[in-house]
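Notes follow once the structure below has been shown.
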Amino acid sequence: MENNSLNFTSKIRFVDSPVYRAMKKRNYIDYFHDKPNILKAKEFYSEGIRTCTGGGLVNPHVEAEGFHLWDDRTNAKNFSIIVNSLFRFVKNPERGLLVGSKELEGSPYSLPQFAKLKQVFSERVENVTLFQKHKFDNSQTHYNYSLDDDTWTLCTTFRRSDNAKLNTVRSLKDLQNCFEKISIAKGDRLFIGKKEITPQDCPEIFI
């Protein structure tokens, strides 16, 4: 069957915690080795991506999968097996998204895992959006994906210091403060709340 998904535009939407909690979510993806951490479905979600790496592979309105990979020695050792599994579930994906990693004492596999996935995705997927390396020690990201409307909904929370108030990304400035590198793939549209962030607003994050 011919894939006409090139006519569609993927949406990436950052929302605050109340909006995310109120969403009806299906098909949870865990990150422990004894539970599924890669899932092909029309809708899926995962939470608490800190030093881990999460995201998914998509052929818009056709098929999609999500994942949440723990940054540990076991996954580092089995990296080739993991990559083969990712690209077996969704073959020849048009789009991908990666989020996560953190430079944190006691998490030596975090940054290398993200870097290796980023390299593989860039080689095998034409359009990849990246939210790379949480800047704050206590920040984390949750996500939900819906194939029906080809939308990633993300919620990133952070504290500027250990005793500070818990914040959620609500503005472009928040988003840029939370991640070391942001790269929005060609064809993806970025929203923060109801406001669309365009290449004119922030050309440096759009490919």
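Can K40 be described as touching a Phe, Trp or Tyr at 6+ places or on another chain (Cβ under 6 Å), in contact (Cβ under 8 Å) with a residue 40 or more places away in the chain and open to solvent by 20 Å² or more (accessible area, probe 1.4 Å)? Yes: the conditions hold for K40. All conditions in (1) in contact with a Ser or Thr (Cβ under 7 Å, 6 or more places away or on another chain); (2) buried (at least 21 other Cβ atoms within 10 Å of the Cβ); (3) on the phi > 0 side of the Ramachandran plot hold for G55, with the sole exception of (1). Looking across region 137-167, the residues that are of a type in the set (V, I, T) and either buried (at least 18 other Cβ atoms within 10 Å of the Cβ) or in a loop (DSSP other than H, G, I, E, B) (or both) come down to T141, T153, T156, T157.
Per the listing G66, G54, G48, G100, the residue uniquely assigned to a strand (DSSP E or B), in contact with a helix residue (DSSP H, G or I) (Cβ under 8 Å, 6 or more places away or on another chain) and at pLDDT 95 or above is G100. The combined condition, being closer than 17 Å to S122 by Cα, in contact (Cβ under 8 Å) with a residue 24 or more places away in the chain and aromatic (F, W, Y), is not fulfilled by F32. Residues in region 105-136 that are over 22 Å from V58 (Cβ atoms), open to solvent by 40 Å² or more (accessible area, probe 1.4 Å) and of a type in the set (S, T, Y): Y109 only. The condition (being charged (D, E, K, R) and touching a His at 6+ places or on another chain (Cβ under 8 Å)) is satisfied by just one residue among D162, D188, D174, D150: D150. Any residue that is at negative phi and not in a helix (DSSP H, G or I) - is there at least one of those in region 79-87? Within region 79-87, none of the residues are at negative phi and not in a helix (DSSP H, G or I). In region 120-139, the residues that are at pLDDT 95 or above reach residues that are surrounded by fewer than 18 Cβ atoms within 10 Å (Cβ to Cβ) and part of a helix (DSSP H, G or I) with C-beta atoms within less than 8 angstrom, at least six apart or across chains, in these pairs: V120/V83; R124/F87; V128/S122; K135/N177. If only residues of region 19-36 that are under 22 Å from D148 (Cα atoms) and touching a strand residue (DSSP E or B) at 6+ places or on another chain (Cβ under 8 Å) are counted, the one that is surrounded by the most Cβ atoms within 10 Å (Cβ to Cβ) is I29. Within region 58-79, if we keep just the residues that are more than 16 Å from the chain's Cα centre (by Cα) and of a type in the set (A, V, I, L, M), the residue that is most open to solvent (accessible area, probe 1.4 Å) turns out to be V62.
The values are calculated or read from the model by the stated rules, or taken from the named source; none is laboratory data. Since the structure is predicted, the reported quantities are computational estimates derived from the model, not experimental observations. Ideal geometry is used to build each Cβ from the backbone, glycine not excepted, and the neighbour counts take in all protein chains shown. Each accessible area value is taken on the protein alone, full model and side chains, heavy atoms only, with ligands, DNA and RNA left out. Shrake-Rupley method; radii C 1.70, N 1.55, O 1.52, S 1.80 Å.
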